[in-house]
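Quick notes on the structure that follows.
The values are calculated or read from the model by the stated rules, or taken from the named source; none is laboratory data. Just so it is clear, the model here is predicted, and its values are computed rather than measured. Cβ placement follows ideal geometry from the backbone for every residue including glycine, while neighbour counts extend to all protein chains displayed. The accessibility values were calculated without ligands, DNA or RNA, using every heavy atom of the protein model including side chains. Shrake-Rupley method; radii C 1.70, N 1.55, O 1.52, S 1.80 Å.
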Amino acid sequence: MRDDIYFDPMTVEWVMAHCDIARLGVQDGESVYVVPVHFGYELDEQQHFHLYFHGNAAGQRARLMQANPHVGVEMESDYQLLPAPQDSAFSARFRSLIGKGTVKELTDAADKVHALTVMMHHYVARMPHPLTEDMVKQVHVWRVDLDEVACKVKNPNENDQQILKQLGHQVDVPDAVSSSSQKADAKEPTD
């Protein structure tokens, strides 16, 4: 098994917390329709992730989700191209997440308030005014129940290495990547 892929909920949640946009893949016949969405998430008592997003109920995404509720999700954050220690040996640093599950539209007003509040808290720590059921009547909200989810932390920097260790993972960074990432992290003074 690869040593940069993680399945435990704490590491997945740490990666998810750093992502701003989720890409939702929905079946479209023999193809896949992929759309970026703002999202919120929570982890339930059984250690299952639930993602929330909102959108237009008359659009292609909503029509496709209604026809087939099985979806895929992808997210990434902090991408950085690392300098090549030798010709054609470039690498990258990033965090990413891939999952799949089922989606359903939330119709209960209290459920929509909860979902939209979770979404808002993903982006802002404090909302100036709480949402009310009256405010969300016309908003269409969906929940994805993730059946499978895994995250990847490629070439973690020193801070990410420390966090991974705190989460119980052994972290080995190849010397070539370590030395090239130190160069990438170093800032040259500019005139």
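So that you can scan it fast, the table gives a plain yes or no per residue for (1) in a strand (DSSP E or B); (2) of a type in the set (Lys, Arg); (3) open to solvent by less than 70 Å² (accessible area, probe 1.4 Å):
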| position | (1), (2), (3) |
| --- | --- |
| Arg95 | yes, yes, yes |
| Gly101 | yes, no, yes |
| Lys104 | yes, yes, no |
| Val113 | no, no, yes |
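Report whether or not Glu148 is over 26 Å from Gly29 (Cβ atoms) and either open to solvent by less than 20 Å² (accessible area, probe 1.4 Å) or acidic (Asp, Glu) (or both).
When the stated conditions are applied, Glu148 does not pass them.
Search region 1-17 for residues being surrounded by 15 or more Cβ atoms within 10 Å (Cβ to Cβ) and not in a helix (DSSP H, G or I), and hand back the single one that is modelled with the highest pLDDT.
Tyr6
Residue-wise test of (1) touching a strand residue (DSSP E or B) at 6+ places or on another chain (Cβ under 7 Å); (2) modelled with pLDDT under 75.
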residue	(1), (2)
Glu133	no, no
Gln138	no, no
Leu146	yes, no
Asn155	yes, no
Gln166	no, no
Gln170	no, no
Ser178	no, yes
Glu188	no, yes
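Looking only at residues in region 67-84 that are surrounded by 16 or more Cβ atoms within 10 Å (Cβ to Cβ) and not acidic (Asp, Glu), which one is nearest to the chain's Cα centre (by Cα)?
Met75
Of the conditions (1) over 16 Å from Ala22 (Cβ atoms); (2) in contact with a His (Cβ under 6 Å, 6 or more places away or on another chain); (3) not small (Gly, Ala, Ser), Glu42 clears all except one; give me its number.
The one condition Glu42 does not meet is (1).
Which residues, counting only those in region 37-61, are more than 19 Å from Ala150 (Cα to Cα) and either open to solvent by 40 Å² or more (accessible area, probe 1.4 Å) or assigned to a loop (DSSP other than H, G, I, E, B) (or both)?
His38, His54, Asn56, Ala57, Ala58, Gly59, Gln60
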